[in-house]
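Colleague: So that we are looking at the same thing, I have put the structure below in structure tokens.
Every number in this text was worked out from the coordinates using simple rules, so none of it is lab data. Small disclaimer: the values here were computed from a predicted structure and weren't measured. Neighbour counts run over all protein chains shown; Cβ positions are idealised from the backbone, glycine included.
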Amino acid sequence: MIVVDTFAGVREHGDGVVGLVPTMGYLHEGHVSVIAAAMERTDTVVVSLFVNPLQFDGITDLKTYPADLERDASIAAEAGAHILFAPSVDEMYPEPQLTIVHVDEVGAAMEGERRPGHFDGVATVVAKLFSGIRPDVAFFGRKDAQQLAVVRTLARQLSMPVEVVGLPTVRESDGVALGSRNTRLDQAARKSARKLSESLLVAADQFVAGERLAGPLTATVREILGQDTSIAVDYVELADAISAMIVDLIKGEVFLAVAARIGGVRLIDNVFLDDRTGLADTGSMLTHNSILYESKSCS
């Protein structure tokens, strides 16, 4: 694997069908699974590593976001990536960013409502990655379900010649969706965090058994989360997988999403429910401790 820090460097070394795995670093098994999927479908796998300042709510969150290039390079190489693109802020934003990509409606509810401007930052940096790298296929995790909908809409409506692929969430052995924020949870908060996936899995079982109304499904999630007073629920919503618009009835594919604060840490999770097949995508689960805990960088 080679490490480059310019768009030109990526394009120079890309060969055949190019797959892009965009990340903000501090890689874990979720990223590794996405890289593996990219390896199966493309000739050159590019992993981008950039902590995008445009999508952070405040300067404190940006400064405290974990960063370890040597660690991430080792994980990406072992996973089989061919190119690690680790640009500087100056490479990504060489001049004041006057052009901001805004995906209306898709990014309006849920995360968009609670984090104003967040999806503008996501859409802008993804548009720059797509334009600068020119991948044939881009791979994203389904844990960020609304983000995936935003990226798919942006690529489709701006006629970008890139296929956007969403891949199942990877969970830790106790069911908690993998994410670097998990390392900030103390023992009590970690126990409470399990309620998020527990509630979603129960609702997924209801769906498989035939429930199609949003009300009973979201009520199930809220009821289970309500059993733990340390969980401050932000939202529980059922949304269309393509438009991310909140729906009352499941038609086609949707996702049931939850966001909550536990021990001062904000976590999100979801399950995808497909009325066409009657199946639920609840993700996969590790059988071992995640590589997230092999370093104290983000504790």
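Colleague: Please report the relative contact order for the chain, taking Cα pairs under 8 Å with a sequence separation of at least 6, and give it as a percent rounded to a whole number. Let's see the in-between values first.
Modeller: Details: 575 pairs, mean separation 54.7, N = 299.
Worked out over the chain, it gives 18 percent.
Colleague: What does the charge count around LEU201 come to, taking other residues whose C-beta lies under 13 Å from its C-beta (Lys +1, Arg +1, Asp -1, Glu -1)?
Modeller: Details: positive: ARG171, ARG194, LYS195; negative: ASP174, GLU198, ASP205, ASP269, ASP281.
Spelling it out: positives minus negatives among the neighbours equals -2.
Colleague: For the chain, with a Gaussian network of springs between Cα atoms less than 10 Å apart, report the residue from GLU78, GLU111, GLU172 with the top mean-square fluctuation.
Modeller: GLU78
Colleague: Can I ask one more? Post the alpha-carbon centroid distance, segment 63-130 to segment 172-186, in whole angstrom.
Modeller: Between the Cα centre of segment 63-130 and that of segment 172-186, the gap is 21 Å.
Colleague: Points 7 angstrom from Cα along the Cβ direction at ARG266 and SER131: gap in nanometres?
Modeller: Output for this residue pair reads 2.8 nm.
Colleague: Roughly how many nanometres apart are two label points built 7 Å out from the Cα toward the Cβ at GLU78 and THR99?
Modeller: 3.9
Colleague: Here's something else I'd like to know. Return the single residue from GLN206, GLN187, GLN55 with maximal mean-square fluctuation; model: Gaussian network over the chain, springs between Cα atoms under 10 Å.
Modeller: Among GLN206, GLN187, GLN55, the largest mean-square fluctuation in the Gaussian network model of the chain belongs to GLN187.
Colleague: While we're here: FRET efficiency for ASP274 and LEU213, Cβ-Cβ distance as r, R0 = 25 Å, nearest 0.05?
Modeller: 0.95
Colleague: Between VAL233 and TYR293, what is the spin-label point distance in nm, taking each point 7 Å from the Cα along the Cα→C-beta axis?
Modeller: 2.8
Colleague: So, counting K/R as plus one and D/E as minus one, what does the shell of residues with Cβ under 14 Å around LYS251 add up to? Numbers along the way, then the final one.
Modeller: Working: positive: ARG212, ARG276; negative: GLU211, ASP240, ASP248, GLU253, ASP274, ASP275.
Here the charged neighbours net out to -4.
Colleague: Let me ask something else. What are the membrane-span-like helices in the chain by this rule: whole DSSP H runs, Cα extent along the axis at least 30 Å, mean Kyte-Doolittle hydropathy at least -0.5? List each step's numbers first, then the result.
Modeller: On the way: long enough: 187-208 (33 Å, -0.07).
Within the chain the helices that satisfy the rule are 187-208.
Colleague: Report, in deg cm²/dmol and to the nearest 500, the calculated mean residue ellipticity at 222 nm for the chain, where each DSSP H run with n ≥ 4 adds -39500 (n - 2.57) and the sum is divided by the residue count. Mind showing how you got there, number by number?
Modeller: Values: 10 runs with 108 residues, N = 299.
Value at 222 nm, helices only: -11000 deg cm²/dmol.
Colleague: What is the count of Lys pairs in the chain whose alpha carbons sit under 21 Å apart, if the two are 8 or more places apart or on different chains? Walk me through the intermediate numbers first.
Modeller: On the way: LYS63/LYS296; LYS143/LYS191; LYS143/LYS195; LYS143/LYS251; LYS191/LYS296.
Summing the qualifying lysine pairs gives 5.
Colleague: From the list (1) 14.8; (2) 15.8; (3) 20.8, can you say which value of mean projected area of the Cα convex hull in nm² was derived from the structure given?
Modeller: Matching the structure shown: (1).
Colleague: Also: Which one of LEU20, SER33, ALA232 is farthest out on the positive end of the charge dipole of the chain, using unit charges on Cβ (Lys, Arg +1; Asp, Glu -1) and the Cα centre as origin?
Modeller: ALA232
Colleague: I've got another one for you. Indicate the gyration tensor shape class of segment 127-283 (rounded, prolate or oblate), computed on the Cα atoms with a ≥ b ≥ c the square roots of the eigenvalues: a/c under 1.5 is rounded; otherwise a/b larger than b/c is prolate and the rest oblate.
Modeller: Working: a/c = 2.22, a/b = 1.35, b/c = 1.64.
In terms of gyration-tensor shape, oblate.
Colleague: Just the number, please: percent antiparallel of the DSSP beta bridges in the chain, rounded to the nearest 5.
Modeller: On the way: 25 of 46 bridges.
Looking only at bridges with both residues in the chain, the antiparallel portion is about 55 percent.
Colleague: Sticking with this one: FRET efficiency for ASP174 and GLU70, Cβ-Cβ distance as r, R0 = 30 Å, nearest 0.05?
Modeller: Calculated transfer efficiency: 0.55.
Colleague: Does segment 2-167 classify as rounded, prolate or oblate by the C-alpha gyration tensor (a ≥ b ≥ c root eigenvalues; a/c under 1.5 gives rounded; else a/b over b/c gives prolate, otherwise oblate)?
Modeller: Working: a/c = 1.43, a/b = 1.28, b/c = 1.12.
Rounded is the answer for segment 2-167, as its axis ratio a/c remains below 1.5.
Colleague: Going by a ≥ b ≥ c, the root eigenvalues of the Cα gyration tensor, does segment 225-299 fall in the rounded group (a/c under 1.5), the prolate group (a/b larger than b/c) or the oblate group? Provide the component values of the computation, followed by the final result.
Modeller: Numbers: a/c = 2.54, a/b = 1.52, b/c = 1.67.
Here segment 225-299 falls in the oblate category.
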